[in-house]
Amino acid sequence: MELIVTSLRLEAEGVLGVELRDAAHAELPPFAPGAHVDVSFPNGLTRQYSIASAASDRTRYWLGIGLAPASRGGSRFAHSELRLGDRLPIGAPRSLFGLHEAAAGHLFVAGGIGITPILSMIRQCIEQALPWRLLYCVRSRRHAAYLEQLAPFADRVVLHADDEQDGHADIAGALRQMPSGWHVYTCGPGAMMDAVCGHAAVLGIDHDAVHLERFGAAAVQPGDERDAFQVRLLRHGGRFTVPREASILEVLEANGVCLPFSCREGLCRSCEVPLAAGVAEHRDYVLSDEERIANKSILICVSRAKGAELVLDV
Ligand code: FES
């Protein structure tokens, strides 16, 4: 669908709020709180951004776009070039992160721009009178988006600003005080989400009660299995070497094999292809544990091979 930029608002330093509506004021497709959409910019880039508005409001999508320091053109374009009245192709909302129906309550741990999908989930909690709490971690209040909207809920919101408090946010404390039967949802920097998972494991919180939304692929750690390997295309034909520093997608593109993609960060599934042979080293954030174990497909923008060769059914 093509939507019009009807409002631009600086939500915080480095956080641009973008309101999108249909030109004919038609209702927009429904979405689940925590969903994101693909946004295609006029510079040819497509990026995923979370929806901050209420799922009950079908008249618009409010997106929160954080200016990424190492932006390859998506958020930088939005922050410097986007204008009121621009028309943007937008994909249907997709949800990999949402409120768990069986949870007795919801603890949110947001870091920086990670508040965007969580705000939509909080709105749902408020509308449905569901119990919730938020630990919101920011570098400073200047960088904290949506504080005005959270202000009426001061009894449920703990703001941790790095420049105001000594030490790290008390994630362990928030998890320890989480009532039984609640689920925890976290979105933000990888280190913060790793801390949530680590503390949750130590505290014995059920793995299924911990939900994550990542905005980018994990940094490669020293010792990661990233050796070169071969990739063979079953139907198209051809065998290519994927070196340590390139993805399968990049190698295929360089060899004139163009397959669909969108985020190039393991977040959207656009580049998923069937695996005919070989074992994948899954590095995406969207396949379920069952899908990883089944080893039937691979997201070629980030995932690699565990062995010497992968055969793609392409
Ligand atoms: S392009 Fe989005 S997961 Fe690969």
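The values are calculated or read from the model by the stated rules, or taken from the named source; none is laboratory data. As the structure is a computational prediction, the values presented were derived from the model and not from experiment. Note that each Cβ is placed from the backbone with ideal geometry, even for glycine, and that neighbours are counted across all protein chains shown. Heavy atoms of the whole protein, side chains included, go into the accessibility calculation; ligands, DNA and RNA do not. Shrake-Rupley method; radii C 1.70, N 1.55, O 1.52, S 1.80 Å.
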(message) Any residue at all in the range 264-271 that's in contact (Cβ under 8 Å) with a residue 12 or more places away in the chain and not in a loop (DSSP other than H, G, I, E, B)?
(response) no
(message) Being assigned to a helix (DSSP H, G or I), surrounded by 14 or more Cβ atoms within 10 Å (Cβ to Cβ) and either at positive phi or not charged (D, E, K, R) (or both) is true for just one of PHE31, PHE108, PHE97, PHE77. Which residue is that?
(response) PHE77
(message) Condition (residue is at pLDDT 95 or above and closer than 18 Å to ILE118 by Cα) applied to the range 160-171: is it met by at least one residue?
(response) no
(message) Can you tell me how many residues within the range 298-312 are modelled with pLDDT of 95 or more and open to solvent by 20 Å² or more (accessible area, probe 1.4 Å)?
(response) 0
(message) So ASP284 ticks every box in (1) modelled with pLDDT under 90; (2) more than 10 Å from the ligand (Cβ to nearest atom); (3) not aromatic (Phe, Trp, Tyr) but one. Which box is left unticked?
(response) (2)
(request) Residue by residue through the range 242-255, note down the ones that are buried (at least 18 other Cβ atoms within 10 Å of the Cβ) and part of a helix (DSSP H, G or I). (result) ILE248, LEU249, LEU252
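When you scan the range 2-15, do you find a residue that is of a type in the set (S, T, N, Q) and open to solvent by less than 60 Å² (accessible area, probe 1.4 Å), even just one?
Yes, the range 2-15 contains at least one residue that is of a type in the set (S, T, N, Q) and open to solvent by less than 60 Å² (accessible area, probe 1.4 Å).
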(message) I'd like to verify a number: residues in the range 256-281 that are within 14 Å of the ligand (Cβ to nearest atom) and open to solvent by 30 Å² or more (accessible area, probe 1.4 Å), how many?
(response) 9
